[in-house]
Amino acid sequence: MSRPPVNYSEYLQLDKILEAQLPESDKEKVEAHDEMLFIIIHQAYEVWFKQIIYEIDSCSKLLSGDTIRDNSPDLQTIVHRTNRITTILKVLVHQIDIMETMTPMDFLDFRDLLRPASGFQSWQFKTIEAKLGLKFEHRHGQNYYTSQLKPQQVAMIKEVESKPSVIQLLNKWLERMPFFENNELWKNYQANYSNTSSKHQFWNDYITIYAEGLGEGEKQNLAAFEDYFFNEDNNPERQLSTKAARSALFIMLYRGYPLLQYPYQLLNNLLEIDEQMAIWRFRHINMVGRIIGMRTGTGGSTGKEYLMGALSKHYIFKEISSMTSFLIESRRRPKLSKELEAKLGFI
């Protein structure tokens, strides 16, 4: 059975899209040329947010599997799609350049007509943050968080918050890294230092090497290392377990091995997502300061002040980024056993 021909305009539903810009200034018979630009930019944001959610959901589904082999197509797909998310976020940052062609006076022509509408009512952006792993208790302005949303939007976000986030799924994936559970992979490992602790010989060696490289003003880092990677006490502020943290550090240290290249790229992509979202917030802060100064937002927020608080607090993958404090020079890394090297080399 032959399919009917596909028409460009109908496929993209352009009639709906191109008729979806309804400036408030037109309704009120007020001259405000830049309101059309304002609407289109925010509509574009929301369409891209939908795509980001689509990509996050696909990655979460793959990460939620019982097993993900580090040389499998699934992991390559996750890396590819998280890289796509960072590229989309870069586009969102650059859209601010277009927004900034609007002057403060241009915005004032229609600003009061928008009240109480606000970008803070973007339930899709809050959904992205929740799906990635931003917990409610870690949010800036908790009382204001969902106060501007419709009941059904609040319900959707609460449902998202009840499901495993990307960082929670990442934690489980990292905990499954098998290398330290298989004694056969370490039978020919040559210890660098005597081990009087209960730690694996590799980590005993690594901590000693790390401690030797600390400067006078960095000695406190050794206690932080022990707490971060070996203190099993339940810390509600943490999203990565000590076992997962050790796996992530091992991946960073030995990322040159073929088996660890995709895992390293995944960790790096998540850091890039955090960075791009932070850049977007920073650019937004500057834009808001330039356009409305110290005035409150149209939705009633404190405007620039609120955005500054969110910028400093809403890092989702900060536990991964903090691991750079615990790296050592490549030349000083403990040499792995030939069995483990063979495993990491796809042999």
(1) modelled with pLDDT of 95 or more; (2) in contact with an Asp or Glu (Cβ under 9 Å, 6 or more places away or on another chain); (3) farther than 21 Å from ARG176 by Cβ all hold for MET102 apart from (1)
Of all residues making up the range 1-13, the number that are in a helix (DSSP H, G or I) and among the charged types (D, E, K, R)
1
Take the conditions more than 22 Å from GLU184 (Cα to Cα) and either within 23 Å of the chain's Cα centre (by Cα) or crowded, with 18+ Cβ neighbours inside 10 Å (or both) and apply them to ILE209. Does it pass?
no
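Here's the yes/no breakdown for (1) in a loop (DSSP other than H, G, I, E, B); (2) among the small types (Gly, Ala, Ser); (3) buried (at least 17 other Cβ atoms within 10 Å of the Cβ):
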| residue | (1), (2), (3) |
| --- | --- |
| ASP112 | no, no, no |
| PRO116 | yes, no, no |
| LYS126 | no, no, yes |
| LYS131 | no, no, yes |
| THR146 | yes, no, yes |
Over the range 113-153, the set of residues among the aliphatic types (A, V, I, L, M), modelled with pLDDT of 85 or more and more than 17 Å from LYS50 (Cα to Cα) is LEU113, LEU114, LEU134
Restricting the range 276-286 to residues that are within 19 Å of ASP106 (Cβ to Cβ) and at pLDDT below 85, the residue that is surrounded by the most Cβ atoms within 10 Å (Cβ to Cβ):
HIS284
The range 148-199, subset crowded, with 16+ Cβ neighbours inside 10 Å, farther than 16 Å from ALA248 by Cβ and aromatic (Phe, Trp, Tyr), residue farthest from the chain's Cα centre (by Cα):
TYR189
For the subset of the range 101-110 comprising residues that are surrounded by fewer than 16 Cβ atoms within 10 Å (Cβ to Cβ) and assigned to a loop (DSSP other than H, G, I, E, B), which member is farthest from the chain's Cα centre (by Cα)?
THR103
Out of (1) in contact (Cβ under 8 Å) with a residue 40 or more places away in the chain; (2) more than 30 Å from LEU344 (Cα to Cα); (3) surrounded by fewer than 18 Cβ atoms within 10 Å (Cβ to Cβ), the one ASP57 does not meet is (2)
Taking into account only those residues within the range 60-75 that are charged (D, E, K, R) and surrounded by 13 or more Cβ atoms within 10 Å (Cβ to Cβ), which is modelled with the highest pLDDT?
ASP74
Residues of the range 310-347 that turn out to be of a type in the set (A, V, I, L, M), at pLDDT 90 or above and not in a loop (DSSP other than H, G, I, E, B), as a count:
5
For HIS33, state whether it is out of contact with any strand residue (DSSP E or B) (no Cβ under 7 Å at 6 or more places or on another chain), surrounded by fewer than 13 Cβ atoms within 10 Å (Cβ to Cβ), more than 24 Å from LEU132 (Cβ to Cβ) and of a type outside the set (Lys, Arg).
yes
Taking ILE251 as the residue in question, decide whether it is modelled with pLDDT of 95 or more, surrounded by 13 or more Cβ atoms within 10 Å (Cβ to Cβ) and more than 30 Å from GLN76 (Cβ to Cβ).
no
Can you go through LEU266, LEU271 and tell me which one is within 19 Å of the chain's Cα centre (by Cα), modelled with pLDDT of 95 or more, within 14 Å of SER322 (Cβ to Cβ) and surrounded by 17 or more Cβ atoms within 10 Å (Cβ to Cβ)?
LEU271
Pairs, first under 18 Å from TYR54 (Cβ atoms) in the range 86-98, second of a type outside the set (A, V, I, L, M, F, W, C) and assigned to a helix (DSSP H, G or I), C-beta under 7 Å, six or more apart:
THR86/ASN269; THR86/GLU272; THR86/GLN276; ILE88/GLN51; LEU89/GLN276; LYS90/GLN276; LEU92/TYR45
Checking SER72 against (1) out of contact with any helix residue (DSSP H, G or I) (no Cβ under 9 Å at 6 or more places or on another chain); (2) free of Cβ contacts under 8 Å to residues at least 24 places away in the same chain, the condition it does not meet:
(1)
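The values are calculated or read from the model by the stated rules, or taken from the named source; none is laboratory data. Given the structure is predicted, the values throughout are model-derived calculations rather than measurements. Quick reminder, even Gly has a Cβ in these numbers, built from the backbone with ideal geometry, and neighbours come from all protein chains shown.
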